[in-house]
Amino acid sequence: MSLKIYNTLSGAKEDFVPLKKGEVRMYVCGVTVYDRCHVGHARALLTFDVIYRHLIFLGYRVLFVRNFTDLDDKIIQRAREEGTSAEAIADRYIQEFNQDCAALGLVTPDHEPKATDHIREMIDVICRLEEKGLAYRVNGDVFFSVDRFAGYGKLSRRKLEELQAGARVEIDERKRHLMDFALWKQSKPGEPSWESPWGKGRPGWHIECSAMSTKYLGQPFDIHGGGRDLVFPHHENEIAQSEGAFGVMFARCWIHNGFVNINQEKMSKSLGNVYTINEVLNRYDAAVLRHYILTSHYRSPLDFSDQGLAEAEKCVERIYETVDRLDRLPQPNGRVKPGGGLLEEYCREMDDDFNTPRAIALMFEEIRALNRMLDEGKTEGLISRRAALKTVAESLGLLQEEPNKFFGKRKAEWLRRQGLSSESIEQLICRRDRARSEKQWQEADRIRAELKEKGIILEDTPGGTVWKVK
RNA sequence: GGCGGCGUACCCAAGUGGUUAAGGGAGAGGUCUGCAAAACCUCGAUGCGGCGGUUCGAAUCCGCCCGCCGCCUCCA
(Lines give C-alpha, C1' and ligand atoms only; values in the text may rest on other atoms or scores of the structure.)
Protein backbone atom coordinates (compact mmCIF):
# COMPACT_ATOMS: atom_id res chain seq x y z
CA MET A 1 0.00 0.00 0.00
CA SER A 2 1.57 3.23 -1.08
CA LEU A 3 0.57 6.71 -1.98
CA LYS A 4 -0.07 7.36 -5.63
CA ILE A 5 -0.35 10.90 -6.95
CA TYR A 6 -1.31 12.15 -10.38
CA ASN A 7 1.69 14.14 -11.52
CA THR A 8 0.92 16.80 -14.12
CA LEU A 9 4.52 16.53 -15.28
CA SER A 10 4.16 12.90 -16.37
CA GLY A 11 0.43 12.97 -16.97
CA ALA A 12 -0.02 9.80 -14.93
CA LYS A 13 -0.53 8.51 -11.41
CA GLU A 14 2.84 7.72 -9.90
CA ASP A 15 4.08 6.12 -6.73
CA PHE A 16 5.02 8.94 -4.48
CA VAL A 17 8.54 8.62 -3.10
CA PRO A 18 9.84 11.69 -1.33
CA LEU A 19 13.40 12.79 -1.81
CA LYS A 20 14.20 12.31 1.86
CA LYS A 21 12.72 9.31 3.59
CA GLY A 22 9.89 10.29 5.89
CA GLU A 23 9.88 13.93 4.90
CA VAL A 24 7.88 15.84 2.31
CA ARG A 25 8.64 19.31 1.06
CA MET A 26 5.65 21.01 -0.51
CA TYR A 27 5.19 24.40 -2.10
CA VAL A 28 1.76 25.70 -3.05
CA CYS A 29 1.09 28.86 -5.00
CA GLY A 30 -0.91 31.14 -2.79
CA VAL A 31 -2.96 34.15 -3.74
CA THR A 32 -2.40 37.54 -5.23
CA VAL A 33 -3.60 39.84 -2.52
CA TYR A 34 -5.63 42.43 -4.38
CA ASP A 35 -9.17 41.36 -3.46
CA ARG A 36 -11.18 39.03 -1.26
CA CYS A 37 -10.82 35.31 -1.82
CA HIS A 38 -13.64 33.34 -3.39
CA VAL A 39 -14.71 29.72 -3.32
CA GLY A 40 -12.29 28.96 -6.14
CA HIS A 41 -9.48 29.91 -3.83
CA ALA A 42 -11.20 27.91 -1.12
CA ARG A 43 -11.08 24.84 -3.30
CA ALA A 44 -7.36 25.18 -3.90
CA LEU A 45 -6.71 25.87 -0.24
CA LEU A 46 -8.83 22.96 0.93
CA THR A 47 -7.34 20.60 -1.64
CA PHE A 48 -3.84 21.16 -0.37
CA ASP A 49 -5.00 21.26 3.22
CA VAL A 50 -6.34 17.75 2.81
CA ILE A 51 -3.23 16.64 0.96
CA TYR A 52 -1.17 17.98 3.83
CA ARG A 53 -3.37 16.25 6.38
CA HIS A 54 -3.10 12.95 4.55
CA LEU A 55 0.67 13.17 4.36
CA ILE A 56 0.70 13.75 8.10
CA PHE A 57 -1.75 10.86 8.55
CA LEU A 58 0.74 8.66 6.70
CA GLY A 59 3.40 9.68 9.17
CA TYR A 60 5.46 12.07 7.07
CA ARG A 61 7.04 15.19 8.41
CA VAL A 62 5.84 17.86 6.03
CA LEU A 63 7.50 21.16 5.31
CA PHE A 64 4.78 23.26 3.77
CA VAL A 65 5.29 26.64 2.12
CA ARG A 66 2.58 28.84 0.63
CA ASN A 67 3.42 32.26 -0.72
CA PHE A 68 1.72 35.61 -0.94
CA THR A 69 2.01 37.48 -4.21
CA ASP A 70 1.98 40.98 -2.82
CA LEU A 71 3.52 42.61 -5.84
CA ASP A 72 1.51 42.69 -9.01
CA ASP A 73 -0.14 44.93 -11.62
CA LYS A 74 -3.58 44.40 -10.14
CA ILE A 75 -2.42 45.42 -6.68
CA ILE A 76 -0.82 48.53 -8.08
CA GLN A 77 -3.93 49.35 -10.06
CA ARG A 78 -6.14 48.87 -7.05
CA ALA A 79 -3.91 51.09 -4.95
CA ARG A 80 -4.13 53.75 -7.60
CA GLU A 81 -7.93 53.53 -7.69
CA GLU A 82 -8.12 53.93 -3.95
CA GLY A 83 -5.39 56.50 -3.70
CA THR A 84 -3.31 54.39 -1.40
CA SER A 85 -0.13 52.35 -1.58
CA ALA A 86 0.30 48.87 -3.01
CA GLU A 87 1.61 47.85 0.36
CA ALA A 88 -1.57 48.98 2.11
CA ILE A 89 -3.71 47.02 -0.35
CA ALA A 90 -1.58 43.93 0.08
CA ASP A 91 -1.64 44.20 3.86
CA ARG A 92 -5.38 44.54 3.94
CA TYR A 93 -5.99 41.46 1.81
CA ILE A 94 -3.37 39.41 3.60
CA GLN A 95 -5.36 40.06 6.74
CA GLU A 96 -8.60 39.09 5.03
CA PHE A 97 -6.91 35.99 3.69
CA ASN A 98 -5.70 34.98 7.13
CA GLN A 99 -9.20 35.39 8.49
CA ASP A 100 -10.62 33.24 5.71
CA CYS A 101 -8.02 30.54 6.33
CA ALA A 102 -8.72 30.48 10.03
CA ALA A 103 -12.45 30.34 9.38
CA LEU A 104 -11.96 27.46 6.95
CA GLY A 105 -10.02 25.54 9.57
CA LEU A 106 -6.89 25.23 7.46
CA VAL A 107 -3.59 24.08 8.80
CA THR A 108 -1.03 26.87 8.82
CA PRO A 109 1.95 26.40 6.50
CA ASP A 110 5.44 26.40 7.98
CA HIS A 111 6.33 29.44 5.90
CA GLU A 112 4.17 32.04 4.19
CA PRO A 113 6.73 34.16 2.38
CA LYS A 114 5.83 37.41 0.70
CA ALA A 115 7.30 38.34 -2.65
CA THR A 116 8.33 41.78 -1.48
CA ASP A 117 10.48 40.25 1.25
CA HIS A 118 12.47 38.27 -1.30
CA ILE A 119 13.55 40.76 -3.94
CA ARG A 120 17.20 40.02 -3.16
CA GLU A 121 16.73 36.30 -3.77
CA MET A 122 14.92 36.97 -7.03
CA ILE A 123 17.66 39.23 -8.26
CA ASP A 124 20.16 36.47 -7.49
CA VAL A 125 18.24 33.97 -9.61
CA ILE A 126 17.99 36.45 -12.48
CA CYS A 127 21.73 37.10 -12.30
CA ARG A 128 22.40 33.39 -12.57
CA LEU A 129 20.16 33.19 -15.60
CA GLU A 130 22.04 36.06 -17.18
CA GLU A 131 25.36 34.36 -16.49
CA LYS A 132 24.10 31.22 -18.16
CA GLY A 133 22.90 33.10 -21.19
CA LEU A 134 19.24 32.32 -20.51
CA ALA A 135 18.26 35.92 -19.98
CA TYR A 136 18.82 39.14 -21.89
CA ARG A 137 18.42 42.81 -21.18
CA VAL A 138 16.44 45.29 -23.16
CA ASN A 139 16.88 48.71 -21.68
CA GLY A 140 15.87 48.28 -18.04
CA ASP A 141 13.94 45.05 -18.61
CA VAL A 142 15.22 41.51 -18.40
CA PHE A 143 13.59 38.67 -20.30
CA PHE A 144 13.89 34.93 -20.09
CA SER A 145 14.87 33.37 -23.37
CA VAL A 146 12.58 30.38 -23.81
CA ASP A 147 14.31 28.83 -26.79
CA ARG A 148 17.57 28.63 -24.87
CA PHE A 149 15.92 26.31 -22.36
CA ALA A 150 15.54 22.85 -23.85
CA GLY A 151 12.73 21.65 -21.61
CA TYR A 152 10.37 24.53 -22.22
CA GLY A 153 6.80 23.26 -22.47
CA LYS A 154 7.32 19.95 -20.70
CA LEU A 155 4.81 20.59 -17.95
CA SER A 156 1.96 21.87 -20.11
CA ARG A 157 2.97 19.57 -22.98
CA ARG A 158 3.19 22.38 -25.44
CA LYS A 159 5.68 22.97 -28.15
CA LEU A 160 7.07 26.41 -28.71
CA GLU A 161 5.84 26.35 -32.30
CA GLU A 162 2.29 25.62 -31.18
CA LEU A 163 2.39 28.40 -28.68
CA GLN A 164 3.63 30.73 -31.30
CA ALA A 165 0.90 29.73 -33.71
CA GLY A 166 -1.91 30.32 -31.27
CA ALA A 167 -0.54 33.09 -29.16
CA ARG A 168 -2.79 36.05 -28.73
CA VAL A 169 -0.41 37.99 -26.61
CA GLU A 170 0.32 41.52 -27.42
CA ILE A 171 3.52 41.48 -29.37
CA ASP A 172 6.43 43.08 -27.64
CA GLU A 173 8.87 43.76 -30.45
CA ARG A 174 11.79 43.78 -28.09
CA LYS A 175 11.39 40.10 -27.25
CA ARG A 176 13.50 37.63 -29.19
CA HIS A 177 10.85 35.00 -28.95
CA LEU A 178 7.15 35.63 -28.62
CA MET A 179 6.94 33.50 -25.48
CA ASP A 180 9.87 35.10 -23.71
CA PHE A 181 8.67 36.53 -20.43
CA ALA A 182 9.78 39.25 -18.07
CA LEU A 183 12.11 38.42 -15.20
CA TRP A 184 12.57 42.05 -14.28
CA LYS A 185 10.59 45.08 -15.29
CA GLN A 186 11.81 48.62 -15.32
CA SER A 187 9.59 50.56 -12.97
CA LYS A 188 7.23 53.20 -14.25
CA PRO A 189 6.81 56.37 -12.23
CA GLY A 190 4.77 55.82 -9.08
CA GLU A 191 5.21 52.05 -9.04
CA PRO A 192 6.95 50.19 -6.26
CA SER A 193 10.56 49.68 -7.26
CA TRP A 194 13.83 48.24 -6.03
CA GLU A 195 17.44 48.82 -6.93
CA SER A 196 18.94 46.14 -9.12
CA PRO A 197 21.84 45.52 -11.48
CA TRP A 198 19.45 46.63 -14.25
CA GLY A 199 18.36 49.84 -12.58
CA LYS A 200 15.27 50.58 -10.58
CA GLY A 201 12.49 48.14 -11.21
CA ARG A 202 10.44 45.21 -9.97
CA PRO A 203 10.47 41.48 -10.56
CA GLY A 204 8.20 39.62 -12.97
CA TRP A 205 5.49 37.41 -11.56
CA HIS A 206 6.97 33.95 -12.05
CA ILE A 207 10.37 34.58 -10.51
CA GLU A 208 9.07 34.93 -6.96
CA CYS A 209 8.01 31.29 -6.72
CA SER A 210 11.31 30.10 -8.16
CA ALA A 211 13.25 32.14 -5.62
CA MET A 212 11.10 31.47 -2.57
CA SER A 213 10.48 27.77 -3.06
CA THR A 214 14.19 27.14 -3.45
CA LYS A 215 15.03 29.29 -0.46
CA TYR A 216 12.72 27.43 1.92
CA LEU A 217 12.69 23.96 0.42
CA GLY A 218 15.85 23.59 -1.61
CA GLN A 219 15.93 22.25 -5.12
CA PRO A 220 14.61 19.85 -6.07
CA PHE A 221 11.70 19.49 -3.68
CA ASP A 222 8.83 17.00 -3.61
CA ILE A 223 5.50 18.63 -4.37
CA HIS A 224 4.51 21.82 -6.11
CA GLY A 225 0.85 22.64 -6.26
CA GLY A 226 -1.69 25.15 -7.42
CA GLY A 227 -4.78 25.65 -9.55
CA ARG A 228 -5.00 24.16 -13.02
CA ASP A 229 -4.81 27.58 -14.57
CA LEU A 230 -1.30 28.02 -13.26
CA VAL A 231 0.11 25.17 -15.34
CA PHE A 232 0.69 27.54 -18.18
CA PRO A 233 2.41 29.88 -18.16
CA HIS A 234 3.19 30.31 -14.47
CA HIS A 235 4.48 26.87 -13.54
CA GLU A 236 6.02 26.27 -16.93
CA ASN A 237 7.99 29.44 -16.47
CA GLU A 238 8.97 28.58 -12.92
CA ILE A 239 10.48 25.35 -14.19
CA ALA A 240 12.37 27.15 -16.92
CA GLN A 241 13.78 29.71 -14.51
CA SER A 242 14.68 27.35 -11.70
CA GLU A 243 16.08 24.53 -13.75
CA GLY A 244 17.80 27.03 -16.00
CA ALA A 245 19.41 28.81 -13.09
CA PHE A 246 20.43 25.83 -10.97
CA GLY A 247 20.83 23.06 -13.50
CA VAL A 248 18.89 20.52 -11.46
CA MET A 249 15.29 19.41 -11.43
CA PHE A 250 12.88 21.88 -9.82
CA ALA A 251 9.81 20.15 -8.40
CA ARG A 252 9.33 16.41 -8.71
CA CYS A 253 5.58 16.09 -8.45
CA TRP A 254 3.13 18.69 -9.73
CA ILE A 255 -0.40 18.68 -8.36
CA HIS A 256 -3.14 20.87 -9.85
CA ASN A 257 -6.68 21.24 -8.63
CA GLY A 258 -9.65 21.76 -10.94
CA PHE A 259 -11.77 24.85 -11.15
CA VAL A 260 -15.01 25.87 -9.55
CA ASN A 261 -17.79 26.64 -12.00
CA ILE A 262 -21.07 28.39 -11.48
CA ASN A 263 -23.81 27.00 -13.71
CA GLN A 264 -21.22 25.30 -15.90
CA GLU A 265 -19.37 28.54 -16.35
CA LYS A 266 -16.08 29.61 -14.99
CA MET A 267 -16.43 31.77 -11.96
CA SER A 268 -15.05 35.18 -12.74
CA LYS A 269 -15.51 38.76 -11.88
CA SER A 270 -16.47 39.72 -15.40
CA LEU A 271 -19.36 37.25 -15.29
CA GLY A 272 -20.37 38.57 -11.90
CA ASN A 273 -20.77 35.07 -10.47
CA VAL A 274 -18.21 35.14 -7.71
CA TYR A 275 -18.97 33.80 -4.25
CA THR A 276 -16.45 34.97 -1.69
CA ILE A 277 -15.40 32.64 1.09
CA ASN A 278 -16.69 35.16 3.55
CA GLU A 279 -20.17 35.23 2.02
CA VAL A 280 -20.47 31.47 2.08
CA LEU A 281 -19.17 31.19 5.62
CA ASN A 282 -21.70 33.73 6.79
CA ARG A 283 -24.40 31.29 5.77
CA TYR A 284 -22.80 27.93 6.35
CA ASP A 285 -20.35 26.30 8.69
CA ALA A 286 -16.84 25.83 7.33
CA ALA A 287 -17.30 22.08 7.50
CA VAL A 288 -20.19 22.43 5.04
CA LEU A 289 -18.08 24.14 2.41
CA ARG A 290 -15.29 21.67 3.03
CA HIS A 291 -17.60 18.70 2.70
CA TYR A 292 -19.09 20.08 -0.48
CA ILE A 293 -15.71 20.60 -2.06
CA LEU A 294 -14.35 17.24 -0.97
CA THR A 295 -17.25 15.27 -2.43
CA SER A 296 -15.76 15.98 -5.85
CA HIS A 297 -12.36 14.69 -6.78
CA TYR A 298 -9.84 17.52 -6.61
CA ARG A 299 -8.94 17.31 -10.30
CA SER A 300 -12.51 17.40 -11.61
CA PRO A 301 -14.35 20.60 -12.30
CA LEU A 302 -16.80 21.37 -9.52
CA ASP A 303 -20.10 23.09 -10.11
CA PHE A 304 -20.99 25.34 -7.23
CA SER A 305 -24.60 25.90 -6.24
CA ASP A 306 -26.82 26.82 -3.32
CA GLN A 307 -28.53 23.47 -3.59
CA GLY A 308 -25.17 21.75 -3.29
CA LEU A 309 -24.37 23.71 -0.16
CA ALA A 310 -27.72 22.88 1.38
CA GLU A 311 -27.16 19.17 0.71
CA ALA A 312 -23.67 19.35 2.14
CA GLU A 313 -25.10 20.94 5.25
CA LYS A 314 -27.36 17.94 5.83
CA CYS A 315 -24.40 15.61 5.41
CA VAL A 316 -22.30 17.50 7.91
CA GLU A 317 -25.16 17.53 10.41
CA ARG A 318 -25.40 13.79 10.02
CA ILE A 319 -21.72 13.43 10.84
CA TYR A 320 -21.99 15.59 13.93
CA GLU A 321 -25.24 13.96 15.06
CA THR A 322 -23.61 10.58 14.91
CA VAL A 323 -20.47 11.70 16.69
CA ASP A 324 -22.70 13.29 19.31
CA ARG A 325 -24.53 9.99 19.87
CA LEU A 326 -21.24 8.14 20.03
CA ASP A 327 -19.77 10.63 22.48
CA ARG A 328 -22.47 9.77 24.99
CA LEU A 329 -20.89 6.34 25.32
CA PRO A 330 -18.34 5.88 28.08
CA GLN A 331 -15.03 7.60 27.55
CA PRO A 332 -12.35 5.15 28.65
CA ASN A 333 -9.19 6.48 30.20
CA GLY A 334 -6.20 6.59 27.95
CA ARG A 335 -5.89 6.25 24.25
CA VAL A 336 -8.27 4.01 22.35
CA LYS A 337 -6.87 2.16 19.40
CA PRO A 338 -9.02 2.93 16.35
CA GLY A 339 -10.57 -0.22 14.97
CA GLY A 340 -13.16 -1.74 12.70
CA GLY A 341 -11.27 -1.56 9.42
CA LEU A 342 -12.32 1.96 8.49
CA LEU A 343 -8.84 3.41 8.80
CA GLU A 344 -7.30 0.87 6.48
CA GLU A 345 -9.95 1.41 3.83
CA TYR A 346 -9.77 5.15 4.23
CA CYS A 347 -6.03 5.06 3.79
CA ARG A 348 -6.34 2.93 0.69
CA GLU A 349 -8.73 5.39 -0.95
CA MET A 350 -6.74 8.46 0.01
CA ASP A 351 -3.57 6.80 -1.18
CA ASP A 352 -5.20 6.59 -4.60
CA ASP A 353 -4.57 10.18 -5.59
CA PHE A 354 -6.48 11.60 -2.64
CA ASN A 355 -9.85 10.12 -3.49
CA THR A 356 -11.84 12.16 -1.00
CA PRO A 357 -15.25 11.27 -2.52
CA ARG A 358 -14.55 7.61 -1.82
CA ALA A 359 -13.17 8.43 1.60
CA ILE A 360 -16.36 10.29 2.44
CA ALA A 361 -18.48 7.45 1.10
CA LEU A 362 -16.66 5.05 3.45
CA MET A 363 -17.25 7.41 6.31
CA PHE A 364 -21.00 7.42 5.64
CA GLU A 365 -21.11 3.65 5.38
CA GLU A 366 -19.51 3.52 8.81
CA ILE A 367 -21.89 6.15 10.13
CA ARG A 368 -24.83 4.05 9.06
CA ALA A 369 -23.34 0.92 10.61
CA LEU A 370 -22.59 2.67 13.90
CA ASN A 371 -26.02 4.26 14.12
CA ARG A 372 -27.51 0.86 13.61
CA MET A 373 -25.43 -0.57 16.42
CA LEU A 374 -26.54 2.27 18.66
CA ASP A 375 -30.17 1.66 17.71
CA GLU A 376 -29.82 -2.00 18.52
CA GLY A 377 -27.88 -1.41 21.71
CA LYS A 378 -24.85 -3.34 20.52
CA THR A 379 -21.63 -2.04 21.99
CA GLU A 380 -19.00 -4.56 21.01
CA GLY A 381 -16.14 -2.77 19.30
CA LEU A 382 -18.07 0.46 19.28
CA ILE A 383 -15.54 2.48 21.25
CA SER A 384 -12.69 1.66 18.92
CA ARG A 385 -14.86 2.21 15.86
CA ARG A 386 -15.84 5.57 17.24
CA ALA A 387 -12.16 6.41 17.52
CA ALA A 388 -11.61 5.39 13.90
CA LEU A 389 -14.55 7.43 12.65
CA LYS A 390 -13.31 10.50 14.49
CA THR A 391 -9.78 10.01 13.23
CA VAL A 392 -11.03 9.89 9.65
CA ALA A 393 -13.36 12.86 10.02
CA GLU A 394 -10.58 14.84 11.65
CA SER A 395 -8.08 13.89 9.00
CA LEU A 396 -10.42 15.26 6.37
CA GLY A 397 -10.83 18.36 8.50
CA LEU A 398 -14.58 17.77 8.72
CA LEU A 399 -14.60 17.33 12.47
CA GLN A 400 -12.79 20.21 14.06
CA GLU A 401 -14.96 20.84 17.08
CA GLU A 402 -17.18 19.14 19.60
CA PRO A 403 -20.72 18.40 18.38
CA ASN A 404 -22.11 20.52 21.21
CA LYS A 405 -20.16 23.48 19.97
CA PHE A 406 -21.09 22.83 16.37
CA PHE A 407 -24.81 22.74 17.09
CA GLY A 408 -24.50 25.42 19.72
CA LYS A 409 -23.07 27.90 17.24
CA ARG A 410 -25.92 27.30 14.83
CA LYS A 411 -28.51 27.66 17.56
CA ALA A 412 -26.97 30.85 18.89
CA GLU A 413 -26.79 32.33 15.42
CA TRP A 414 -30.40 31.39 14.70
CA LEU A 415 -31.65 32.84 17.96
CA ARG A 416 -29.74 36.03 17.34
CA ARG A 417 -31.27 36.44 13.89
CA GLN A 418 -34.75 35.60 15.09
CA GLY A 419 -34.42 37.77 18.16
CA LEU A 420 -35.23 34.85 20.43
CA SER A 421 -33.70 33.70 23.67
CA SER A 422 -32.91 30.14 24.54
CA GLU A 423 -34.78 30.64 27.84
CA SER A 424 -38.03 31.35 26.05
CA ILE A 425 -37.62 28.18 24.05
CA GLU A 426 -36.73 26.09 27.07
CA GLN A 427 -39.83 27.45 28.72
CA LEU A 428 -42.06 26.34 25.88
CA ILE A 429 -40.41 22.95 25.87
CA CYS A 430 -41.09 22.68 29.60
CA ARG A 431 -44.74 23.48 29.12
CA ARG A 432 -44.96 20.95 26.35
CA ASP A 433 -43.30 18.29 28.46
CA ARG A 434 -45.80 18.94 31.20
CA ALA A 435 -48.67 18.63 28.72
CA ARG A 436 -47.16 15.42 27.41
CA SER A 437 -46.84 13.89 30.82
CA GLU A 438 -50.52 14.65 31.29
CA LYS A 439 -51.21 13.18 27.86
CA GLN A 440 -52.60 16.48 26.62
CA TRP A 441 -51.41 15.76 23.11
CA GLN A 442 -53.24 18.64 21.48
CA GLU A 443 -51.52 21.20 23.67
CA ALA A 444 -48.16 19.47 23.24
CA ASP A 445 -48.52 19.43 19.46
CA ARG A 446 -49.63 23.05 19.44
CA ILE A 447 -46.44 24.10 21.20
CA ARG A 448 -44.38 21.99 18.86
CA ALA A 449 -46.07 23.65 15.88
CA GLU A 450 -45.48 27.05 17.42
CA LEU A 451 -41.75 26.35 17.70
CA LYS A 452 -41.67 24.93 14.21
CA GLU A 453 -42.95 28.27 12.96
CA LYS A 454 -39.82 29.76 14.43
CA GLY A 455 -37.65 27.24 12.64
CA ILE A 456 -37.11 25.06 15.65
CA ILE A 457 -37.47 21.31 15.52
CA LEU A 458 -38.02 19.21 18.60
CA GLU A 459 -36.78 15.72 19.19
CA ASP A 460 -38.19 13.62 21.99
CA THR A 461 -35.39 11.32 23.03
CA PRO A 462 -35.22 8.89 25.96
CA GLY A 463 -33.01 11.44 27.67
CA GLY A 464 -35.54 14.24 27.27
CA THR A 465 -36.58 16.71 24.63
CA VAL A 466 -33.86 18.46 22.66
CA TRP A 467 -34.26 21.18 20.11
CA LYS A 468 -32.50 21.92 16.86
CA VAL A 469 -32.53 24.65 14.29
CA LYS A 470 -34.53 23.86 11.16
C1' G B 1 -6.18 27.21 -35.05
C1' G B 2 -3.29 24.17 -31.14
C1' C B 3 -3.56 21.40 -26.47
C1' G B 4 -6.55 19.20 -22.65
C1' G B 5 -10.96 17.78 -19.96
C1' C B 6 -16.04 16.39 -19.24
C1' G B 7 -21.11 13.96 -20.37
C1' U B 8 -23.11 7.93 -14.89
C1' A B 9 -30.42 7.70 -11.54
C1' C B 10 -34.79 13.49 -10.08
C1' C B 11 -30.03 16.30 -8.16
C1' C B 12 -24.70 16.03 -6.53
C1' A B 13 -20.94 12.40 -7.34
C1' A B 14 -17.32 7.76 -7.21
C1' G B 15 -15.99 3.85 -10.30
C1' U B 16 -11.56 3.56 -16.08
C1' G B 17 -11.77 -4.29 -18.55
C1' G B 18 -14.71 -9.10 -15.09
C1' U B 19 -19.58 -11.28 -9.44
C1' U B 20 -25.77 -7.72 -7.93
C1' A B 21 -22.64 0.26 -11.22
C1' A B 22 -20.03 3.37 -4.34
C1' G B 23 -21.79 7.29 -1.22
C1' G B 24 -24.95 11.53 -0.24
C1' G B 25 -29.45 14.55 -1.06
C1' A B 26 -34.52 14.34 -2.64
C1' G B 27 -38.71 10.69 -3.20
C1' A B 28 -41.81 6.12 -1.91
C1' G B 29 -42.91 2.25 1.69
C1' G B 30 -41.76 0.32 6.60
C1' U B 31 -39.66 -0.13 12.01
C1' C B 32 -39.55 3.03 16.32
C1' U B 33 -42.84 7.05 18.44
C1' G B 34 -49.05 9.25 21.74
C1' C B 35 -48.10 11.68 17.00
C1' A B 36 -43.61 13.55 15.20
C1' A B 37 -38.31 14.30 14.63
C1' A B 38 -33.80 11.70 14.46
C1' A B 39 -31.95 6.91 13.54
C1' C B 40 -32.49 2.28 11.17
C1' C B 41 -34.60 -1.18 7.22
C1' U B 42 -36.50 -1.73 2.12
C1' C B 43 -37.18 0.28 -2.84
C1' G B 44 -34.81 3.08 -6.72
C1' A B 45 -30.03 3.49 -13.29
C1' U B 46 -30.98 -4.21 -17.17
C1' G B 47 -27.93 0.75 -17.74
C1' C B 48 -23.27 4.83 -17.66
C1' G B 49 -24.43 11.30 -24.27
C1' G B 50 -25.23 8.61 -29.41
C1' C B 51 -23.56 5.06 -33.16
C1' G B 52 -20.05 1.54 -34.55
C1' G B 53 -15.59 -1.49 -33.31
C1' U B 54 -11.88 -4.52 -30.25
C1' U B 55 -12.71 -8.49 -26.49
C1' C B 56 -15.04 -14.59 -23.82
C1' G B 57 -16.45 -9.96 -21.30
C1' A B 58 -16.60 -2.44 -21.62
C1' A B 59 -19.48 2.80 -18.14
C1' U B 60 -14.19 1.51 -18.38
C1' C B 61 -10.06 0.46 -24.54
C1' C B 62 -10.39 2.35 -30.04
C1' G B 63 -12.99 5.31 -34.00
C1' C B 64 -16.66 8.69 -35.48
C1' C B 65 -20.66 11.93 -34.11
C1' C B 66 -23.55 15.19 -30.66
C1' G B 67 -23.41 18.45 -26.36
C1' C B 68 -20.61 21.21 -22.63
C1' C B 69 -16.16 23.31 -20.57
C1' G B 70 -11.05 24.81 -19.67
C1' C B 71 -6.02 26.42 -21.14
C1' C B 72 -3.14 28.90 -25.04
C1' U B 73 -3.81 36.53 -21.87
C1' C B 74 -4.02 38.15 -15.33
C1' C B 75 -6.51 34.13 -12.86
C1' A B 76 -7.18 29.00 -7.54
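Within region A:343-361, the only residue that satisfies the criterion of being more than 13 Å from RNA strand B (Cβ to nearest atom) and in contact with a helix residue (DSSP H, G or I) (Cβ under 7 Å, 6 or more places away or on another chain) is A:LEU343. Inside region A:21-52, can you point out the residues that are surrounded by fewer than 19 Cβ atoms within 10 Å (Cβ to Cβ) and within 25 Å of A:SER2 (Cβ to Cβ)? A:LYS21, A:GLY22, A:GLU23 - these are the residues of region A:21-52 that are surrounded by fewer than 19 Cβ atoms within 10 Å (Cβ to Cβ) and within 25 Å of A:SER2 (Cβ to Cβ). Scanning region A:205-220 for residues that are under 18 Å from A:ARG61 (Cα atoms) and of a type in the set (A, V, I, L, M) yields a single hit, A:LEU217.
Scanning region A:179-227 for residues that are at pLDDT 95 or above and of a type in the set (S, T, N, Q) yields a count of 5.
Within 16 Å of A:VAL28 (Cβ to Cβ) and surrounded by fewer than 19 Cβ atoms within 10 Å (Cβ to Cβ) - does that describe any residue in region A:71-89? No; the residues of region A:71-89 include none that is within 16 Å of A:VAL28 (Cβ to Cβ) and surrounded by fewer than 19 Cβ atoms within 10 Å (Cβ to Cβ).
Taking first residues from region A:126-144 that are part of a helix (DSSP H, G or I) and partners that are surrounded by 19 or more Cβ atoms within 10 Å (Cβ to Cβ), the Cβ contacts under 6 Å between residues at least 6 apart in sequence or on separate chains come to A:ILE126/A:VAL142; A:ILE126/A:LEU183; A:ILE126/A:TRP184; A:ARG128/A:ALA245; A:LEU129/A:ALA135; A:LEU129/A:GLY244; A:LEU129/A:ALA245. Sub-6 Å Cβ pairs linking a first residue in region A:37-48 that is in a helix (DSSP H, G or I) to a second residue that is within 8 Å of RNA strand B (Cβ to nearest atom) and aliphatic (A, V, I, L, M), at least 6 apart or interchain, are A:VAL39/A:VAL260; A:GLY40/A:VAL260; A:GLY40/A:MET267; A:HIS41/A:VAL31; A:ARG43/A:VAL260, ordered by first then second residue. Contact annotation: residue pairs with Cβ atoms under 9 Å, 6 or more positions apart or on different chains, pairing a residue in region A:178-206 that is under 18 Å from A:PHE144 (Cβ atoms) with a partner that is open to solvent by 30 Å² or more (accessible area, probe 1.4 Å) and of a type in the set (Val, Ile, Thr), are A:LEU178/A:VAL169; A:LEU178/A:ILE171; A:MET179/A:VAL169; A:TRP205/A:THR32. Please work out which residue is least open to solvent (accessible area, probe 1.4 Å), limiting yourself to region A:355-373 and to residues that are of a type outside the set (A, V, I, L, M, F, W, C) and in contact with an Asp or Glu (Cβ under 6 Å, 6 or more places away or on another chain). Result: A:ASN355.
Of all residues in region A:134-169 being within 8 Å of RNA strand B (Cβ to nearest atom) and modelled with pLDDT of 80 or more, which is surrounded by the most Cβ atoms within 10 Å (Cβ to Cβ)? Spell out how you get there, then give the answer.
First, pick out the residues of region A:134-169 that are within 8 Å of RNA strand B (Cβ to nearest atom): A:156-159, A:162-163, A:165-169.
Now drop any that are not modelled with pLDDT of 80 or more, which leaves A:156-159.
Working: A:SER156: 15, A:ARG157: 13, A:ARG158: 17, A:LYS159: 10.
Once the filter is applied, the top-ranked residue is A:ARG158.
Listed here are the residues, each with its yes/no results for (1) touching a Cys at 6+ places or on another chain (Cβ under 9 Å); (2) free of Cβ contacts under 8 Å to residues at least 24 places away in the same chain; (3) within 9 Å of RNA strand B (Cβ to nearest atom).
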site: A:LYS409; (1), (2), (3): no, no, no
site: A:LEU415; (1), (2), (3): no, yes, no
site: A:SER424; (1), (2), (3): no, yes, no
site: A:LEU428; (1), (2), (3): no, yes, no
site: A:ARG432; (1), (2), (3): no, no, yes
site: A:TRP441; (1), (2), (3): no, yes, yes
site: A:ARG448; (1), (2), (3): no, yes, yes
site: A:GLU453; (1), (2), (3): no, yes, no
site: A:ILE456; (1), (2), (3): no, no, no
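For residues in region A:232-243 being open to solvent by less than 10 Å² (accessible area, probe 1.4 Å) and not polar (S, T, N, Q), which is nearest to RNA strand B (Cβ to nearest atom)? Of everything passing the filter in region A:232-243, A:HIS234 is nearest to RNA strand B (Cβ to nearest atom). Could you please let me know if A:TYR34 is more than 25 Å from A:ASP352 (Cβ to Cβ) and over 17 Å from the mean Cα position of the chain (by Cα)? It is true that A:TYR34 is more than 25 Å from A:ASP352 (Cβ to Cβ) and over 17 Å from the mean Cα position of the chain (by Cα).
The values are calculated or read from the model by the stated rules, or taken from the named source; none is laboratory data. Just so it is clear, the model here is predicted, and its values are computed rather than measured. Every residue, glycine among them, receives a Cβ derived from its backbone with ideal geometry; neighbour counts consider all protein chains shown. Just the protein is used for accessible areas: all its heavy atoms, side chains included, with ligands, DNA and RNA removed. Shrake-Rupley method; radii C 1.70, N 1.55, O 1.52, S 1.80 Å.
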